[in-house]
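Colleague: Input: one structure, supplied below.
Read-outs: derived from the displayed coordinates by stated rules, not from any lab. Here the structure is a predicted model, which is why all the values come from computation and not from measurement.
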Amino acid sequence: MKNKGFSIIEAILSCVILGVITVALINFFPISSAMSARANRIAEASILAENLIEYFRSTPFDTLKAFISVGNDSGSHTTGGVSGGWCFTREWILTDNGNLIQVEVNCYWPNPGGLGNSNISVVTQVSNHE
């Protein structure tokens, strides 16, 4: 007589295989969550840096020249972010190259666990177009 169905050994073996696969998949969730959070911080830092670049682009050339001539050719500003309460520090440097002014913006934020900082840099040129 032939029995249909699973034996106890087959059922245990199936549970073990399913358990191993489940543990392997669960280990990916914290990694993907950390990578997603890092991508969000990079995106937010990029937006903050680009906003400051746009501010300098919209500032008249002569005003930028005046900033540089009185020693306001660099500075920094720390702002809170929206993703998880991160703080971002934006630093800028204006360099007078005659008819061009180079604008460099660096945006820094702390890495989780106090492991230093990450940053992005954006550089553009502002011309004296009249």
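Colleague: Please work out how much length the chain gains when fully extended from ALA43 to VAL20, using 0.36 nm per residue of separation minus the C-alpha to C-alpha distance, in nm with one decimal. Could you put the intermediate results ahead of the total?
Modeller: Working: separation 23, 0.36 × 23 = 8.28 nm, distance 3.56 nm.
Full-extension gain reported as 4.7 nm.
Colleague: Over the Cα atoms, compute the radius of gyration (one decimal) and Dmax (the largest Cα-Cα distance, rounded to a whole number) for the stretch 54-119, in Å.
Modeller: Expressed in Å, the Cα Rg and Dmax of the stretch 54-119 come to 14.7, 45.
Colleague: Springs between alpha-carbon atoms under 10 Å, Gaussian network over the chain: tell me which of PHE28, PHE56, PHE88 tops the mean-square fluctuations.
Modeller: Residue with maximal mean-square fluctuation among PHE28, PHE56, PHE88: PHE28.
Colleague: Let me ask something else. Taking P(r) over Cα pairs in 10 Å bins from 0, in percent straight from the coordinates, which label in (1) 13, 45, 34, 7, 1, 0; (2) 11, 28, 18, 13, 9, 7, 6, 4, 2, 1; (3) 11, 37, 34, 14, 4, 0 is the correct one?
Modeller: Computed from these coordinates, P(r) over Cα pairs in 10 Å bins from 0, in percent corresponds to label (2).
Colleague: Still on this structure, please answer the following. With springs only between Cα atoms under 10 Å, which of GLY75, GLY114, GLY98 fluctuates most in a Gaussian network model of the chain?
Modeller: GLY114
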